Amino acid sequence: MSNSKKSSMVSGFYKLPVDKRVDFVKDFAGLTSEEEKLFSSFLDIETADRMIENVLGTFELPLGVAVNFKINGKDYLIPMATEESSVVAAASNAAKIARIQGGFKTECSKPLMIGQLQLLKLDDVAGAAQKILKHKKELLELANAQDKILVKFGGGAKDLEVRILYSPLGKMVVTHLIVDVRDAMGANAVNTMCEALAPMIEELTGGKIRLKILSNLADKRIVKAKAVFDKEKMGGEDVVNAFLESYTLAVIDPYRAATHNKGIMNGIDSVIIATGNDFRAIEAGAHAYAARNGQYTSLSKYFKDKKGNLVGELELPLAVGIVGGAGNIHPKARLCKKILGIKTAKELAEVAASLGLAQNFAAVFALSTVGIQKGHMSLHAKNIAVMAGAKGDQIDKVAEQLVKEGNIKLDRAKEIVGQL
Ligand code: MEV
């Protein structure tokens, strides 16, 4: 059965043993027994050795799943690879609150990426810019000749823009090649096209091309997610107001905005990693976009609707792919894409943006009310219990005692383990 037909809403999921959680996901996503086995397998060394250089082994991260998500009317379980405790639970809880008012709604632009060509050593900068624009058609044809498959699927180089920039080295012309990369992240396609255009632009202008590379400020590939968070479920008007007060600091202050946006990326990065995408590209694009108007600010916006519910919106560039790259090679990335049931890169971007908004809401909600340490402490206490030598059932017992005493220290944990 397709996962869109089943509900992702489940309570007490975190209390289930791991094998029961796997059963739930298997049923939701229609996984085969072979696919189920991947959850407890490791990336094989030969594959790893082909992915990067000087391989010694592999490095594991916990893979969890966020539940309760409804996005554009469809239910999703969202795989999240992260080392940070509380993140998966917080996202699931936020999705549960958003669901009361219909869940997340998204919009996404075309998958347009920008490739840059930096042209130097020009006598006539304006003339060079004009020549490039005059030969736009031939330049786009040359770019498209590099990737016939992309063109066949409706993608390819679509436009070309020129900018004249001033620098301590003098003026330069920067050409932007705009490429529709369809379901790919696009770096390979764009970089190949840019390299192919360089000699032609040099010949046309008499200048020297230096850089020819994709821009990670993918501001033509924008996704927007929106959700209404129920006022009553949040605890009433005062809590909504407290939330908006907290949020306002992220709007006006880069010190807070950096942490606020980090909370958004806690969600986005985890699904980006789980699907084998390039999280550095996503991070770079998000933070550059947050500073697009000259001051670094919040990527999300919050306000009240007529009924006093909290409305959250998130807008950012998301250059994600579902074809090519590590996401095709890594078996767990393929598994995670199947769990998501995504059919296009656009859909993955929409899920990632919704998760980012959920994560951001959850963090600011906690910070405006109980603070975030409460949520962190029980998992932290479990880790301390394990470090103190607790095994099996002892782990929960020791952790509970530590939290009860408000003294989550290794020495005390060792004493309790000793008593047990
Ligand atoms: C911690 O990883 C993320 C938060 O700091 C985000 C925030 O402050 O909004 C909790």
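The values are calculated or read from the model by the stated rules, or taken from the named source; none is laboratory data. All figures in this text were calculated on a predicted structure; none of them were measured in a lab. Ideal geometry is used to build each Cβ from the backbone, glycine not excepted, and the neighbour counts take in all protein chains shown. SASA here: full protein model, heavy atoms, side chains in, ligands and nucleic acids out. Shrake-Rupley method; radii C 1.70, N 1.55, O 1.52, S 1.80 Å.
For this structure, a couple of remarks:
- Matching option when the condition is in a strand (DSSP E or B), buried (at least 20 other Cβ atoms within 10 Å of the Cβ) and not basic (Lys, Arg), among Leu160, Leu139: Leu160
- Taking the conditions (1) in contact (Cβ under 8 Å) with a residue 24 or more places away in the chain; (2) open to solvent by 60 Å² or more (accessible area, probe 1.4 Å); (3) not in a loop (DSSP other than H, G, I, E, B) in turn, Asp19 satisfies each one other than (1).
- Sole residue being at pLDDT 95 or above and touching an Asp or Glu at 6+ places or on another chain (Cβ under 7 Å), chosen from Ile45, Ile97, Ile78: Ile97
- Residue among Val311, Val351 that is within 22 Å of Lys70 (Cα to Cα), more than 14 Å from the ligand (Cβ to nearest atom) and buried (at least 24 other Cβ atoms within 10 Å of the Cβ): Val351
- So Ala333, is it more than 19 Å from Pro62 (Cβ to Cβ), assigned by TED's automatic domain parsing to the domain that holds Arg99 and hydrophobic (A, V, I, L, M, F, W, C): no
- Residue in the range 374-392 that is in contact with a helix residue (DSSP H, G or I) (Cβ under 6 Å, 6 or more places away or on another chain), in contact (Cβ under 8 Å) with a residue 40 or more places away in the chain and within 30 Å of Glu237 (Cβ to Cβ) present: no
- Count of residues meeting criterion [surrounded by fewer than 19 Cβ atoms within 10 Å (Cβ to Cβ) and assigned to a loop (DSSP other than H, G, I, E, B)] in the range 376-407: 5
- Number of positions in the range 103-136 that are of a type in the set (S, T, N, Q), farther than 18 Å from Cys194 by Cβ and open to solvent by less than 40 Å² (accessible area, probe 1.4 Å): 1
- Any chance Val190 is buried (at least 20 other Cβ atoms within 10 Å of the Cβ) and modelled with pLDDT of 95 or more: yes
- Qualifying residue in the range 46-61 (condition: outside any loop (DSSP other than H, G, I, E, B), surrounded by 14 or more Cβ atoms within 10 Å (Cβ to Cβ) and within 16 Å of the ligand (Cβ to nearest atom)): no
- Residues that are part of a helix (DSSP H, G or I) and surrounded by fewer than 22 Cβ atoms within 10 Å (Cβ to Cβ), drawn from the range 202-223: Glu202, Glu203, Leu204
- Applying the set (1) modelled with pLDDT of 90 or more; (2) under 35 Å from the mean Cα position of the chain (by Cα) to Lys414 leaves exactly one unmet item: (2).
- Restricting Ala281, Ala225, Ala291, Ala218 to those that are within 21 Å of Ala89 (Cβ to Cβ), away from the ligand (no atom under 16 Å from the Cβ), modelled with pLDDT of 95 or more and not basic (Lys, Arg) reduces the list to Ala225.
- Residue identified as assigned to a loop (DSSP other than H, G, I, E, B) and of a type in the set (Lys, Arg) among Lys110, Lys96, Lys70, Lys105: Lys110
- Checked against (1) surrounded by 21 or more Cβ atoms within 10 Å (Cβ to Cβ); (2) within 16 Å of the ligand (Cβ to nearest atom), Ile372 passes all but a single condition, namely (1).
- Those residues of the range 254-278 which are near the ligand (Cβ under 10 Å from one of its atoms), of a type in the set (S, T, N, Q) and open to solvent by 10 Å² or more (accessible area, probe 1.4 Å), in sequence order: Thr259, Asn266
- Residue match in the range 242-253 (condition: over 23 Å from the mean Cα position of the chain (by Cα), at pLDDT 95 or above, closer than 23 Å to Ala352 by Cα and crowded, with 17+ Cβ neighbours inside 10 Å): yes
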